[in-house]
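Step one of this worksheet: look at the structure below.
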């Protein structure tokens, strides 16, 4: 919680026997300011996970009414996109296209941390792999690197359930079949189910998402909830009854929190308000300190942005 500034005094407060209707009043003090960054984490049932350009956006556009930008270059998707998968018969769930993760994402490389935070709020991951290796990368290495990034970021994230989608089987060559065999063995060893799909042609998509829906029914929605701790922040009281006077460029410079607060309350275009200001400086001992430091009639006294001639 931030501390608000004290309110100013109305003109009635300054009424005296000789000044029954004062023309001035105090303005309120400024409150404490603090910059706060709020972070929104998307909530989705299923997140599409994988390297850039493996076909996540194409999957989202085919299975939902979402219209993500699709292009043949890395980081086409720079913000997560959401869509609702409707399988009919009342079977539906929210699918998120998470922008591509790259190696080093857990250490903040690229926009990795931003993307990984969104994955935290999903219940199930579809790990999309370009099984054709069309990007010149090895699918097995891709799979291992992505999972390593999840582990480095959060052990809880690394334990999140995954279904692996071998995408781009429509452009798979005979030479690439080894990729299928090698990655299948790795996935089976980890207990991950594997589906061969083509986001471009739709092959295997119905089977994949029917299975995704079934698996979701086994994952309690309570897993999505995060315990929130309410923390109240208080700032130290910075009130300072003191002031300082020093010489600078031939002038006497007066500083101090109390002086600053007083100046905020003064209307310098009003004579009575200005007189009130000088009276308070005397009460604070500013005049006495100026004389002690050798101030004479006509010397310039600077109080923040204002300058005055000193009078003994």
message: So, in the range 265-312, exactly how many residues are at pLDDT below 85 and on the phi > 0 side of the Ramachandran plot?
response: 1
- request: Output the number of the condition that residue 262 fails; it satisfies all remaining conditions of (1) part of a loop (DSSP other than H, G, I, E, B); (2) modelled with pLDDT under 85.
  value: (1)
Residue list for the range 237-255, filter: surrounded by fewer than 10 Cβ atoms within 10 Å (Cβ to Cβ), at pLDDT 55 or above and within 40 Å of the chain's Cα centre (by Cα): 241
- request: May I ask you to verify whether residue 125 is at pLDDT 90 or above and either surrounded by 18 or more Cβ atoms within 10 Å (Cβ to Cβ) or not in a helix (DSSP H, G or I) (or both)?
  value: yes
- request: Enumerate the pairs (first residue in the range 267-286 and in the same structural domain as residue 254 (by TED's automatic domain parsing); second residue anywhere and assigned to a helix (DSSP H, G or I)) with beta-carbon separation below 6 Å, excluding pairs fewer than 6 apart on the same chain, so at least 6 apart or on different chains.
  value: 267/273; 268/274; 280/262
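Could you check how many residues of the range 143-161 are touching a strand residue (DSSP E or B) at 6+ places or on another chain (Cβ under 6 Å) and surrounded by 23 or more Cβ atoms within 10 Å (Cβ to Cβ)? I'd like the intermediate steps shown before the answer.
So in the range 143-161, the residues touching a strand residue (DSSP E or B) at 6+ places or on another chain (Cβ under 6 Å) come out as 143, 160-161.
Among the residues that remain, those that are also surrounded by 23 or more Cβ atoms within 10 Å (Cβ to Cβ) are: 143.
Looking only at that region, the number is 1.
The values are calculated or read from the model by the stated rules, or taken from the named source; none is laboratory data. Fair warning: this is a prediction, and the values are worked out from it, not measured in the lab. Note that each Cβ is placed from the backbone with ideal geometry, even for glycine, and that neighbours are counted across all protein chains shown.
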